[in-house]
């Protein structure tokens, strides 16, 4: 699978660990930065990740910052993205199954490498259930206000 991964400075180390692991697992990984732990602004990297998934360069996205909150908001500014903030495998699985999430966000200050890997594994292996969820997911990208 083609996966885009991006982080701010706070999650640089977690991003590096996940990118290496995903590559070992046979995925094609596009590391969109940050490339060090020098201070940067998470929206810049959230927008890069959203663009890569929206334009088809990547099938899925993994967004990381200190809490996961800020970067998830940035990613979700793109109407083609459905980025779920997850903290354990069940939320990652449900994000795919019920919401057809094409990106997840996690906080490096809130979970360790093993839990992050478990979340990513659930996210990448869970299919969208479709059915009753399809109309709801359609409304996420085409809101009726």
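Quick note: the coordinates plus some simple rules give every number you see, no bench work behind them. If you're wondering where the values come from, they're calculated on a predicted model, not measured in any experiment. Cβ placement follows ideal geometry from the backbone for every residue including glycine, while neighbour counts extend to all protein chains displayed.
Points to keep in mind about this one:
- Inter-site label distance for residue 17 and residue 30 at 7 Å from Cα along Cβ, in nm: 2.6 nm
- Prolate/oblate/rounded call for the stretch 2-130, Cα gyration tensor, a/c under 1.5 rounded: rounded
- In plain terms, the chain from residue 88 to residue 44 could stretch by 13.3 nm, reckoned as 0.36 nm per residue minus the Cα-Cα distance.
- A crude spin-label estimate for the pair residue 59 and residue 134, with each label 7 Å from Cα along the Cβ direction, gives 2.1 nm.
- Extension gain, residue 144 back to residue 37 (0.36 nm per residue minus Cα-Cα distance, nm): 34.4 nm
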